[in-house]
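Chemist: One structure, pasted below without further comment.
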Amino acid sequence: MAEAGMPGGGGGGAGAGGSSSSAAPAPRRHVARAALTLLWRSAPRDAAGGLFITVLQGLVPAAGAWIAKLLFDELAHGRALDTARATRLVIAGAALTALGVVLTLAGTHVARRTRRAVTLRAQDELYHAVSRLPGLRSFEDPVFQDRLRLAEQGAQNAPTDIDAFLTESVRNTVGVLGYLGALLAVWPPMALILLLTAVPAAVAQRALARRRAGVAETTMATLRRRFFFQQLLTDATAAKEVRLFGLGPLFHRRMLAALRESTDAELSVEGRGSRLQSGLALLAATVAAVGTIVVIHGVAAGRVTIGGLTLFTAAVAGVQSASSAVINQAAQAGKTMRLFRSYLDVVGTPPDVASGTGEVTPLRRGVEFQDVWFRYHDNAPWVLRGVNLLIPAGQSVGLVGLNGAGKSTLVKLLCRFYEPDRGRILWDGVDVRELAIDQLRAALGATFQDFCRYDLSAAENVGVGDVTRLDDREAIRRAALAAGIDSTLSNLRDGYDTLLSRLFFDEDRQQGLALSGGQWQRVAIARSLMRHDASLLILDEPSAGLDAEAEHEIHRALAVRRAGRTSLLISHRLGAMREADLIVVLEDGRVVEQGTHDELLSTDSRYARLFLLQAEGYRDAAAVAGTP
């Protein structure tokens, strides 16, 4: 089949071969509503309590200003001082001050509780959404990775920032209304002037918030590069090569370059913000000075009392402070709402691999690839090119091929980490896309070439192969015994309870222990054997980290486990393929040969040439070893 005529979407589902396009950004009101919904679902009582406290906080300053006016008027009055009334006013003022302190402390405590509840809820929903993504495409997409980092920021800050904006608005609106009454009583035009000067401040702060959010979005890729190089400089896995090859200065320079790039952008927008804030402060001071001068002339003319002047200055300061707080909070809320869009995008990310609903039954006929084509992106080369392959039930199949032939990609498709661009994969004649994906994966046992080394106990490192039996120590030991790692794990400091990590301490504050590469390989094999009833066992280079003797032992043990079971073995060491019922040779994404070991050796096949080449290498090595 000519590659030029190959359709990108074939029969494998929409967009299977390329990155999915994101939906149009949600309107601002929808984002704000979603953030508030998250807030009220996370902490309904604290949110309501915080709103009540906010209303009271808004009343306290204005009430205090009125009490101060009454007290100054009483002191400045020409008649005899009413000490009892003055005392009551002083006590009332002190009580208001104390109430303001109590409300501030209570509000701070409630706000902290609210933020904690929102953070827990948001993190729960965010990472639940990430963990339920069935495929791998999103995790290999840099756009998704940037969106995920922005989502983490938005999830933590947006709900509480919007709540703070609302509470600030309520508190300051209540305060402003009280102060406006004072301004109307002393010099009415001042109220209109203050409201008019708030308009340019609001417009300017909104523009600044947009720039800040834009910088956060555009520099996220740079920040990821910075964290990447930081990790290389501190990661224990990379430490050997970093030191041996002298890579520290290189990664250090690149980390600093990424840091400079991101901070330069931040400093630029913050510098513009400082100039803007300075201009707004100068405008506010000018308006306050002009109004105060007018009122002072009123005092000189006898139209305004000393208490009235005191109330006016407090009211001007209060209105300006409240307006500034609301504007700044609105700007911050606008910035975090843009980040919260990323949170909504990630939480709402559709699955890149759709699950069917069909029940997965134990294999009776086998797994079949029918004309399967696949590539990782629309502009990437084809990795699989019309693969036709049958893995018969109850038989062991060996998959052979040079690096890049498509062996591991075939395994990824079999595990449904990706969808084929064209063609079908059948499980007993049923397209795997029609089957429930969780059931299908539960029917597989697998050792991947790039297996994980978890910073968990030895028992958990094996037991995670079947989380339903994570506490079944006997099942764990049976799997470890089959993989030839039981004695090693049993003889560790705390046996199977030993923490396998150099980065963490165990419950007794002792540093964990590390295994050798070959020992980790056996742990990974044991993990795949936890699913003793799996319909299909997949072994992708299971002996890559083992010496010759260990490799022989593990393949002998695996041959016993694979006997009479459906299995797929991938290995570059062709000696491991001798016992396979069927050997399939993959080259350039196509099946080019298949047969038994003896059948392929009896012809001038690619497999025969590769096998003889390896055998010759072993004979040369043996000859060298026997040389005096």
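Every number here is computed from the coordinates shown, using simple stated rules; none is lab data. The shown structure was predicted, so the numbers you read here are calculated from the model rather than taken from an experiment. Here the Cβ is made from the backbone with ideal geometry for all residues, glycine too, and neighbour counts use every protein chain on show.
Chemist: What's the local net charge at R115, with K and R +1, D and E -1, over the other residues with C-beta under 12 Å away?
Modeler: The answer is +1.
Chemist: Tally the DSSP beta bridges in the chain and give the antiparallel ones as a percent, rounded to 5.
Modeler: The antiparallel fraction comes to roughly 55 percent.
Chemist: Here is a follow-up. At 7 Å along the Cα-to-beta-carbon direction for both A48 and F505, put a label point, then send me their distance in nm to one decimal.
Modeler: 4.4 nm
Chemist: If one takes the longest principal axis of the Cα atoms in the chain, at what angle in degrees, from 0 to 90 and to the nearest 10, does the Cα axis of helix 44-76 lie?
Modeler: Taking Cα atoms only, the helix is inclined about 20 degrees.
Chemist: Regarding the chain, what are the three Cα extents along the principal axes, ordered largest first, in Å?
Modeler: 124, 61, 53
Chemist: Give me the distance in nm between label points sitting 7 Å out from Cα along the Cα-to-Cβ direction at L259 and D588, one decimal.
Modeler: With each label point 7 Å from Cα toward Cβ, the separation is 4.9 nm.
Chemist: Sticking with this structure for a sec: With everything on Cα atoms, drop me the angle between helix 473-482 and the longest principal axis of the chain, reported from 0 to 90° to the nearest 10.
Modeler: The angle comes out near 40 degrees.
Chemist: In addition: Compute the label zone of S131 within region 453-480: residues whose backbone N is under 18 Å from the point 7 Å along Cα-to-Cβ.
Modeler: Under 18 Å, as judged by backbone N against the label point of S131, lie 453-457, 460-471 of region 453-480.
Chemist: Starting from the Kirkwood Rh over alpha-carbon pairs, what translational D in µm² s⁻¹ does region 453-534 have by Stokes-Einstein at 20 °C and 1.002 mPa s?
Modeler: 174 µm²/s
Chemist: Expressed as an acute angle from 0 to 90° and rounded to the nearest 10, what is the orientation of the C-alpha long axis of helix 189-218 relative to the principal long axis of the chain?
Modeler: Tilt relative to the chain: about 10 degrees.
Chemist: So, one more: Note down the nm distance, to one decimal, between modelled labels 7 Å out along Cα→Cβ at A559 and at D371.
Modeler: Placing both labels 7 Å along Cα→Cβ, they lie 3.9 nm apart.
Chemist: Could you tell me which residue out of H128, F139, T97 lies farthest along the dipole of region 28-347 toward its positive end? Charges go on the beta carbon: Lys and Arg +1, Asp and Glu -1, centred on the Cα centre.
Modeler: F139
Chemist: Hey, got the dipole for region 202-326? About the Cα centre, +1 on K and R Cβ, -1 on D and E Cβ, debye to the nearest 20?
Modeler: 280 debye
Chemist: Dipole magnitude of region 28-347 about its Cα centre, charges +1 at Lys/Arg Cβ and -1 at Asp/Glu Cβ only, in debye to the nearest 20?
Modeler: Using only the charged Cβ atoms, the result is roughly 440 debye.
Chemist: Let me ask another. Can you bin region 95-201 into rounded, prolate or oblate? Criterion: square roots of the alpha carbon gyration tensor eigenvalues sorted a ≥ b ≥ c, rounded for a/c under 1.5, prolate for a/b above b/c, oblate for the rest.
Modeler: Oblate, because a/c is 1.5 or more while a/b does not exceed b/c.
Chemist: May I pose another question? Positive end of the dipole of region 28-347, charges at C-beta (+1 Lys, Arg; -1 Asp, Glu), about the Cα centre: which of A257, A65, V110 has its Cα farthest in that direction?
Modeler: Going by the charge dipole, the pick is A257.
Chemist: When you count, for each residue, the other Cβ atoms within 10 Å and take the mean per peptide, how do 48-57, 338-347 rank with the highest first?
Modeler: Per-residue Cβ counts within 10 Å, averaged per peptide and sorted highest first, yield 338-347, 48-57.
Chemist: I need the chymotrypsin sites (Phe, Trp or Tyr not before Pro) found in region 370-479, filtered to DSSP loop residues with at most 16 other beta carbons within 10 Å of theirs.
Modeler: Sparse-neighbourhood loop chymotrypsin sites (Phe, Trp or Tyr not before Pro): Y454.
Chemist: Go ahead and estimate [θ] at 222 nm for the chain from helices alone: -39,500 (n - 2.57) per DSSP H run with n ≥ 4, summed, over the residue count, rounded to 500.
Modeler: -21000 deg cm²/dmol
Chemist: Would you mind checking which residues have amide H under 5 Å from L568's amide H? H placed 1.01 Å from N; only 5 or more apart, or other chain.
Modeler: It is V397, L537, I538, L539, by chain and number.
Chemist: How far is the Cα center of region 361-393 from the Cα center of region 457-484, in Å?
Modeler: If you average the Cα positions of each part, the centres end up 31 Å apart.
Chemist: Moving to a separate point now. DSSP loop (so not H, G, I, E, B), at most 15 other Cβ within 10 Å: list which trypsin sites (Lys or Arg not before Pro) in region 130-202 pass both filters. Can you show the working numbers first?
Modeler: On the way: sites: R132, R137, R147, R149, R171; in loops: R132, R137.
When the trypsin sites (Lys or Arg not before Pro) of region 130-202 are filtered for loop state and at most 15 Cβ neighbours within 10 Å, R132 remain.
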